Amino acid sequence: MYQRVYLDYAATAPLLPQVREAMLPYLGQHFGNASALYAEGKEARKALEQARDTLAAILNVSPLELTFCSGGTEAAATLCGGMARALAAARSGARHLICSAFEHHAVLDNCLALRRQGFEVSLLRPRRDGRIHPDDLSALLRKDTLLVAVMWVQNELGTVQPLAELSHVAHQHGACFFTDAVQGLGKLPVELATWQVDAAAFSAHKIGGPQGVGLFYLRQGTPFMPSLLGGGQESKRRSGTQNVAGAMGFAKAAEQLAPSILEREAQRLAILRDETLAKALALSPRVRATVDIQPGDIYCHLPGLLHLLMRDIESQTLVLALDESGIAASGGAACSSGSLKPSHVVTSLGIASDLAHGALRISMGSGSCPQDCELLITALAKILARYYGKNAEAPNRQATRAKKSCRS
């Protein structure tokens, strides 16, 4: 039996043991509804607010600005729709929204749905480096722009967006700014005060917390209309019985994110990423990095995430072949991995569809080690040899550059 290697941390991270322990009491003995007035309910409410306070302290915001929900997708969808409708009501006649062209579908699809409701949506294309540039945003902004949505870390490419600059440009033009911060949490420092964003979405399971638990930040005073109505829970921003166990798990997972730990782990994962990239590029001239990565970079590119393009091999073929070799990786975002269409993220960079079909995302995390990457490279070499034959071993100029950069 071969050893399984997990290299899809961008899709989800394994539940941390300490998170499971923190959740267990609220899955059994302390089962109360946090809205109930009797003792069991009060106990659940106390735990829920304790979790909120913990996360608020970590994010350096007021607990009143945080809302629990069912995950990153709900957080993003709720903020997109809730802010757009409220801002439109406050500014009669203004209906213009800007959304980056490579947003996660949780944002992109909801913005496009607003277009069908009478809003005008402009898609902001990234440049070939995989980043949204402030000058390009400025060129799209108008007097009637209500909201700008740009994600913090691109979930397929790993590129980090300059949020402070982008939000500043948006605010100069009178627009609010929202960021999907799901992929960056737990890997890079969250700096909401520095970014000056009006709203942000987060998810627990990317950092070793439970699946199905999310959180959104909404700056006090930001116009917002709830989309999920009912009992009026979560300060009337998100109705529904709160997941107390999930909230406690989210808070416990976030407590593991001390700045010193983040920086040390980022450095470790950057080394793994760079070594894996250099070895992958050396396999064949038909293998390339989707975006350039500077060796050691932990600020402009997510540590531990690597996105490759392989000519003439489809993503699903790669993913299934790797799975047969005991390796879990993905062709892109996990929630759209069943699609036969090339990733909208890759094509937004101007990459042709035939090449975009051969995307492979490798994402590492706390359990990843050099041996995992060696097993990946060995498996890739066999797969490429099967599909490319002798051509798989031809020189790769990009690989030569990567090796030189790694040595410098």
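Results, tabulated for the structure shown:
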read-out: All positions within segment 168-223 that are over 27 Å from SER260 (Cα atoms), crowded, with 24+ Cβ neighbours inside 10 Å and polar (S, T, N, Q); value: none
read-out: Helices (runs of 4 or more DSSP H) within segment 1-120 that include 1 or more residues within 30 Å of PRO162 (Cβ to Cβ); value: 39-59, 72-90, 105-115
read-out: Filter pass, ALA164 being within 12 Å of the chain's Cα centre (by Cα) and outside the structural domain of ILE293 (by TED's automatic domain parsing); value: no
read-out: Test: residue in segment 116-123 that is on the phi > 0 side of the Ramachandran plot and in contact (Cβ under 8 Å) with a residue 12 or more places away in the chain; value: yes
read-out: Top-ranked residue in segment 115-136 [being in contact with a Lys or Arg (Cβ under 8 Å, 6 or more places away or on another chain) and surrounded by 15 or more Cβ atoms within 10 Å (Cβ to Cβ); ranked as nearest to GLY81 (Cα to Cα)]; value: PHE119
read-out: The one condition in (1) charged (D, E, K, R); (2) under 23 Å from PRO126 (Cβ atoms); (3) surrounded by fewer than 19 Cβ atoms within 10 Å (Cβ to Cβ) that ARG361 fails to fulfil; value: (3)
read-out: Subset of segment 209-236 (residues that are touching a Phe, Trp or Tyr at 6+ places or on another chain (Cβ under 8 Å) and closer than 22 Å to ASP198 by Cα); value: VAL213, GLY214, LEU215, PHE216, TYR217, LEU218, GLU234
read-out: VAL169 being touching a Pro at 6+ places or on another chain (Cβ under 6 Å) and either part of a loop (DSSP other than H, G, I, E, B) or not polar (S, T, N, Q) (or both); value: yes
read-out: Residues within segment 12-61 that are among the aliphatic types (A, V, I, L, M) and either over 26 Å from the mean Cα position of the chain (by Cα) or modelled with pLDDT under 95 (or both), tallied; value: 8
read-out: Tally of residues being of a type in the set (A, V, I, L, M, F, W, C) and surrounded by fewer than 16 Cβ atoms within 10 Å (Cβ to Cβ) across segment 227-270; value: 3
read-out: Test: residue in segment 216-239 that is under 22 Å from TYR6 (Cβ atoms), polar (S, T, N, Q) and touching a residue at least 24 places away in the same chain (Cβ under 8 Å); value: no
read-out: Filter result (closer than 20 Å to LEU228 by Cβ and of a type in the set (S, T, N, Q)) within segment 18-76; value: ASN33, SER35, THR67, SER70, THR73
read-out: Residue count, segment 1-24 (criterion: surrounded by fewer than 20 Cβ atoms within 10 Å (Cβ to Cβ) and touching a Phe, Trp or Tyr at 6+ places or on another chain (Cβ under 9 Å)); value: 1
read-out: Verdict on ALA379 being touching a helix residue (DSSP H, G or I) at 6+ places or on another chain (Cβ under 7 Å), in the same structural domain as ASP297 (by TED's automatic domain parsing), at pLDDT below 60 and not in a loop (DSSP other than H, G, I, E, B); value: no
read-out: The lone exception for ALA44 - which of (1) over 19 Å from HIS205 (Cα atoms); (2) in contact with a Pro (Cβ under 8 Å, 6 or more places away or on another chain); (3) surrounded by 16 or more Cβ atoms within 10 Å (Cβ to Cβ) it fails; value: (2)
read-out: Tally of residues being within 24 Å of the chain's Cα centre (by Cα) and polar (S, T, N, Q) across segment 224-247; value: 3
read-out: Exclusive hit being within 26 Å of ASP180 (Cα to Cα) and of a type in the set (A, V, I, L, M), set LEU15, LEU27; value: LEU15
read-out: Selection from segment 172-182 of residues that are part of a loop (DSSP other than H, G, I, E, B) and either in contact with a Phe, Trp or Tyr (Cβ under 7 Å, 6 or more places away or on another chain) or among the basic types (Lys, Arg) (or both); value: ALA181, VAL182
read-out: Flag for PRO303 being modelled with pLDDT under 95 and within 22 Å of the chain's Cα centre (by Cα); value: no
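The rows are residues; the columns are (1) among the hydrophobic types (A, V, I, L, M, F, W, C); (2) modelled with pLDDT under 95; (3) touching a Cys at 6+ places or on another chain (Cβ under 9 Å).
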| site | (1), (2), (3) |
| --- | --- |
| ALA245 | yes, no, no |
| GLY249 | no, no, no |
| ILE261 | yes, yes, no |
| VAL287 | yes, no, no |
| GLU314 | no, yes, no |
| GLY332 | no, yes, no |
| GLY338 | no, yes, no |
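The values are calculated or read from the model by the stated rules, or taken from the named source; none is laboratory data. As the structure is a computational prediction, the values presented were derived from the model and not from experiment. Reconstructed Cβ throughout: ideal geometry from the backbone, glycine too, with neighbour counts over all protein chains shown.
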